[in-house]
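Asks: Can you keep this structure in mind? I'll have questions shortly.
The values are calculated or read from the model by the stated rules, or taken from the named source; none is laboratory data. All figures in this text were calculated on a predicted structure; none of them were measured in a lab. Backbone-built Cβ (ideal geometry, glycine too); neighbour counts: all protein chains shown. These area figures cover heavy atoms from the full protein model, side chains too; ligands, DNA and RNA do not enter into them. Shrake-Rupley method; radii C 1.70, N 1.55, O 1.52, S 1.80 Å.
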Amino acid sequence: MTKLRPKAESQGDGGEGPDGGYGWVLVGALFVSTSLVFGLMRSLGIFFVEFVQYFDESAQAISWISSTGLAAQQFFSPLGAALCNAYDTRWVVMTGGCLAALGLILASQATCLVHLYLTMGVISGLGWGLVFTPMVATVMANFTRRRTLALGLAFSSIGLSSFAFNPLFQLLVELYTWRGALLILGGLSLNIVPCGALIGPQRRSKAPAKVVSESGVSCASFLQRASSYLELPLLFERPYITYTLAISLLNVGYFVPYFHLVAHSRQVGFSEYQAAFVMSAAGATDILGRIASGWFSDLGHFRLIHLLSVWTTLAGVFIMLLPVSSLSGSYAALMVISLLYGFCSGALTSLVFAVVPMIVGVERMMGALGLLQLIESGAGLLGAPLSGLLKDITGDYTASFMVAGGFVILGTLTMVTLPHYLSCKDPPPPKSLSPEDPDKGLHAELEQMHSSPNNRLPEDTYS
């Protein structure tokens, strides 16, 4: 076990190794799975209007459907990370794909909003939580120099799917009603299962068995191992907590345009397809933003945290300008601001995850991503309902977008308080908290288990 880390490092530093080969297959798997998680989630605004009309409920009540799904995805991310640390990532992701599909299929038979909260919200959200973080961590473990570019290419599927899904979902709703459309989306989500199957099979380490054997003697040993899988000691490290708070504030406003921009566009007088095309256009520039940002970030001219600050600030400003641009009834003005917002929101996405190993190190990346998603789940749960409440109070979405943009900018200001923020060079990432920790090689081992079949560790490593 002691030879695992040097091997992982030698591959990460080389020009070949993890920065190519089978890693690009995993990028393709992440490309598809993220389109069926966040690309689908972004396009649920099409169903927002249908739910308001069918259930005759307020915008705030309907907003809880999408917010519950987003919060559940983030809330259950640590569970997905812990299961991957203890068991096989492949089966965790495949199970998540089945749950995501099941929730949407059951949602097609809903008779009240509570059913939608439980199906589209909790069940599908649980499935998305088991898919997204493990897939992202798997790709990041297979790249070093091209990590941000790999994430940018994979996450470009979110913009591409947003561009395609909005008019597609509108067409499905018109042809089959919202029930038939959700049933079709459930079947579409099953494509996550083969994406999970592309992750290289791994043998279970002896760590889970050790948990069972020790738990009969001492509950403390079980809790210690659970803490190790979840990377709970990160919660006592200031840089990680500061960064997590910044991303949580960003998360309050980030998704508001994707939930309410369609409804806002229709409220100011644009047609259904014009409103849907606004989101599709934003999705197109989102693609360009992700790829361009990933390519430019990997050039190494600027620190990733500084680039992230620039993109978040611009995204917040353009969110605030979205309702202003449509006050005159100009569709062209709304389209221009939507295009700019789409580019900035796409540019910051891959950087949010690429900064994490800079703060905690690669070894603790899986757990750090899971905890990050868990903590920001509360912010995701707040965003859309708060936006809907402001709309119900004021009668339009102007205040909703202003507040959402303000939260995004507040997240940027929080990043400025990170240690060494003003430095031109990244500080060295911290090592494991305790050299005596028996699980210190677990995450280096995870990197190896997720590498290409040609680089997979020999079987006697786990014997």
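Asks: How do Leu106, Leu70 stack up against each other in accessible area, from largest to smallest, with a 1.4 angstrom probe?
Replies: Leu106, Leu70
Asks: Could I ask something else about it? Apply the Karplus curve 6.51 cos²θ - 1.76 cosθ + 1.60, θ = phi - 60°, to the phi angles in the range 388-397 and return the couplings in whole Hz, x for Gly and Pro.
Replies: With coefficients 6.51, -1.76 and 1.60, one gets x, 5, 5, 5, 5, 6, 8, x, 8, 9 Hz.
Asks: Still on this structure, please answer the following. From the protein chains alone at 1.4 Å, what is the descending order of accessible area for His115, His420, largest first?
Replies: His420, His115
Asks: Using label points projected 7 Å from each Cα along Cα→Cβ, tell me how many nm separate Val317 and Ile241, to one decimal.
Replies: Those two pseudo-labels are separated by 3.3 nm.
Asks: Follow-up question, since we're still on this one. Taking R0 as 30 Å, what FRET efficiency do you get between Arg179 and Ser271 from their Cβ-Cβ distance, rounded to the nearest 0.05?
Replies: It comes to 0.80.
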